[in-house]
1. So how many residues does segment 122-145 have that are in contact with a strand residue (DSSP E or B) (Cβ under 8 Å, 6 or more places away or on another chain) and either surrounded by 15 or more Cβ atoms within 10 Å (Cβ to Cβ) or modelled with pLDDT under 95 (or both)?
2. May I ask you to list the residues in segment 1-43 that are away from the ligand (no atom under 12 Å from the Cβ) and under 15 Å from residue 64 (Cβ atoms)?
3. Let me confirm something: among 141, 162, which residue is in contact with a helix residue (DSSP H, G or I) (Cβ under 6 Å, 6 or more places away or on another chain) and either in contact (Cβ under 8 Å) with a residue 40 or more places away in the chain or in a helix (DSSP H, G or I) (or both)?
4. For segment 113-133, enumerate the residues that are closer than 23 Å to residue 144 by Cβ, part of a loop (DSSP other than H, G, I, E, B) and without any contact (Cβ under 8 Å) to a residue 60 or more places away in the chain.
5. When segment 165-175 is examined, which residues are found to be surrounded by 17 or more Cβ atoms within 10 Å (Cβ to Cβ) and out of contact with any helix residue (DSSP H, G or I) (no Cβ under 7 Å at 6 or more places or on another chain)?
6. Consider segment 172-183. How many of its residues are more than 9 Å from the ligand (Cβ to nearest atom) and more than 13 Å from residue 81 (Cβ to Cβ)?
7. List every residue pair whose Cβ atoms lie under 8 Å apart, where the two residues are 6 or more positions apart in sequence or sit on different chains, the first residue falls within segment 185-196 and is closer than 18 Å to residue 169 by Cβ, and the second residue, located anywhere, is assigned to a loop (DSSP other than H, G, I, E, B) and modelled with pLDDT of 75 or more.
8. Got a sec? Which of 84, 108 is closer than 23 Å to residue 163 by Cα, part of a helix (DSSP H, G or I) and more than 11 Å from the ligand (Cβ to nearest atom)?
Ligand code: HEM
């Protein structure tokens, strides 16, 4: 597998960043949806701290991914993909990148406007975004964080469905290019035409 992307192949860096982001978003979403119901206490504080640190990591990884995409470019759509499908895929990918930046940024803004301290995996202090405690910005950022997450979840379902459609219905290499150990999907046997005697 090449390090850089090629016109017909994703390289190891893009593939690694893609699936690492996927795993982190899955974890962040699960924890984010459950953590608010935890009983108040030190465990809840630790879970929130981890959610924030992983969220900031997604922000950094997305910036890295965008820089790498500029440097290593991206493969073209597999041969035979209609132009309109390619356009929708590119728009969806662009929107997901924007959301992968805005969701952690809104969380960071919420944390800053709430006046909570922020340390990345307890290793170093992260500066505040904005002027510090502000209940209006806090409410806005909280709402934005939630709504943007639901928008990402919707796009993700469409994106994964499209990838699975390419693999299991169109039998092309779109998903195998991003998931190199995946085998080609089995093609359903075509029923033989009815014989003349029957
Ligand atoms: C948090 C979850 C996910 C996010 C945020 C995400 C985001 C993205 C983005 C932004 C791209 C475009 C890469 C580029 O052009 O630079 C991409 C490509 C791709 N993703 Fe995902 N993805 C996620 C999960 C998935 C899942 C679950 C699947 C499969 C079931 C999948 C399959 C693919 C494939 C096949 C491509 C390459 C498309 C092509 O070659 O044109 N992704 N993804």
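The values are calculated or read from the model by the stated rules, or taken from the named source; none is laboratory data. Note that the structure is predicted; figures quoted are calculated from it, not measured. Glycine also receives a Cβ, built like all others from the backbone with ideal geometry; neighbour counts cover every protein chain displayed.
1. 1
2. Across segment 1-43, the qualifying residues are 3, 4, 12, 16.
3. Just one listed residue meets the conditions, 141.
4. Correct list: 115, 116, 117, 127, 128, 129, 130, 131, 132, 133.
5. 173
6. So the answer is 4.
7. As it stands, the answer is 185/171; 187/171, since those pairs meet every condition given.
8. 84
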